[in-house]
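The values are calculated or read from the model by the stated rules, or taken from the named source; none is laboratory data. Owing to the predicted nature of the structure, the values given are computational and were not obtained by experimental measurement. All Cβ positions, glycine included, derive from the backbone under ideal geometry; neighbour counts span all protein chains shown.
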Amino acid sequence: MAEDTVAAVQALAQRAASVCVLTGAGMSAESGIATFRDAMSGLWSRFDPAELASEEGFRANPARVWAWYAERKQAVRAALPNAGHVALAEYGRRRSGVLTLVTQNVDDLHQRAGWPQTIRLHGDILADRWLQPCPSGRACEVAQALPGEPPRCADCGNLLRPGVVWFGEMLPEDAMAAAEQAARACELMLVVGTSGAVWPAAGLAAVARRAGAKVAILNPDASEIDDQAHWVLRGTAATLLPRLLDSG
Ligand code: APR
């Protein structure tokens, strides 16, 4: 990767009045959390997203989906923020008011690295929620969960489900609006560790570029949105972000 590319992005990151960072699963790869589409290790090379990451899949086999998310929650809880997460949080604190951090990830590593205000586009794997509003209009109460089964409401049979955005579901409106606003307002957008395969998150790079921002992509491999970048830095989150963001 050309040193002058790193120097150009580094210089802009140190002087820009607003920086928007969009992260994907590659951001957490060096923390030991599997990505979705990496050729061999990616989750979707071993599991069918339609069965495991959709409401239909959950309704068809709640215990299977609940068990898969329990495994992923365990991996998230055991993981630690990597040097990339830490570099982003320290940069945001040091350059107050400059950073808007938007993530597609459902882990809590940005937050645990010290950036609680991270905008979550795809929800939070550690925050379960009810599958549907309680038909009786009361607040659902968790009954005694059967082992391996998602907890059920004792009253109406409602099921708890992972608090993530599944395929076919809408993204949280406020999060997407805040992300679009930050993409339109920023001078520099860093796109870190995403294949750019899933919309509307993948479209944020084009929103930033159209609004006049410089876009840099940080990814060891090609992504579907490389053509939106002014600079492509072939490297990993935990090695590149400290180089680009650590002060002088
Ligand atoms: N540092 C940076 N990037 C990395 C690293 C790393 N250490 N390791 C892998 N990558 C890159 C891969 O090259 C790939 O381009 O991270 C990207 C991960 O892509 P995906 O697995 O598709 O993850 P993501 O882009 O976040 O997926 C978007 O799809 O399944 C849905 O909801 C899920 O939020 C997810 C969305």
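A Cβ distance below 8 Å, combined with a sequence gap of six or more or placement on separate chains, defines the contacts here; from region 122-149, residues that are more than 26 Å from Ala178 (Cα to Cα) reach no residue that is modelled with pLDDT under 85 and loosely packed, with under 13 Cβ neighbours inside 10 Å.
Residue count for region 134-186 satisfying the condition of being aliphatic (A, V, I, L, M) and part of a strand (DSSP E or B): 4. Does Val102 satisfy the criteria of being in contact with a Cys (Cβ under 7 Å, 6 or more places away or on another chain) and within 14 Å of the ligand (Cβ to nearest atom)? Spelling it out, Val102 is indeed in contact with a Cys (Cβ under 7 Å, 6 or more places away or on another chain) and within 14 Å of the ligand (Cβ to nearest atom). If we scan region 19-34, do we find a residue that is modelled with pLDDT under 95 and assigned to a helix (DSSP H, G or I)? The answer is no, given that none of the residues of region 19-34 is modelled with pLDDT under 95 and assigned to a helix (DSSP H, G or I). In region 11-34 there is at least one residue matching the filter, namely being of a type in the set (D, E, K, R) and either on the phi > 0 side of the Ramachandran plot or surrounded by 16 or more Cβ atoms within 10 Å (Cβ to Cβ) (or both). The criterion of being modelled with pLDDT of 95 or more, β-branched (Val, Ile, Thr) and over 23 Å from Ala205 (Cα atoms) does not hold for Val98. The residue pairs whose first member lies in region 57-80 and is over 16 Å from Asp124 (Cα atoms), whose second member is in a helix (DSSP H, G or I), and whose beta carbons are closer than 7 Å, counting only pairs six or more residues apart or on different chains, are Gly57/Ala50; Gly57/Glu51; Gly57/Val65; Phe58/Val65. Tell me, which helices (runs of 4 or more DSSP H) lie completely within region 45-120 with 1 or more residues that are within 26 Å of Pro150 (Cβ to Cβ)? Those helices (runs of 4 or more DSSP H) span 49-52, 55-60, 62-78, 109-112.
When Gln181 is tested against (1) more than 26 Å from the chain's Cα centre (by Cα); (2) at pLDDT 95 or above, just one condition goes unmet, and that condition is (1).
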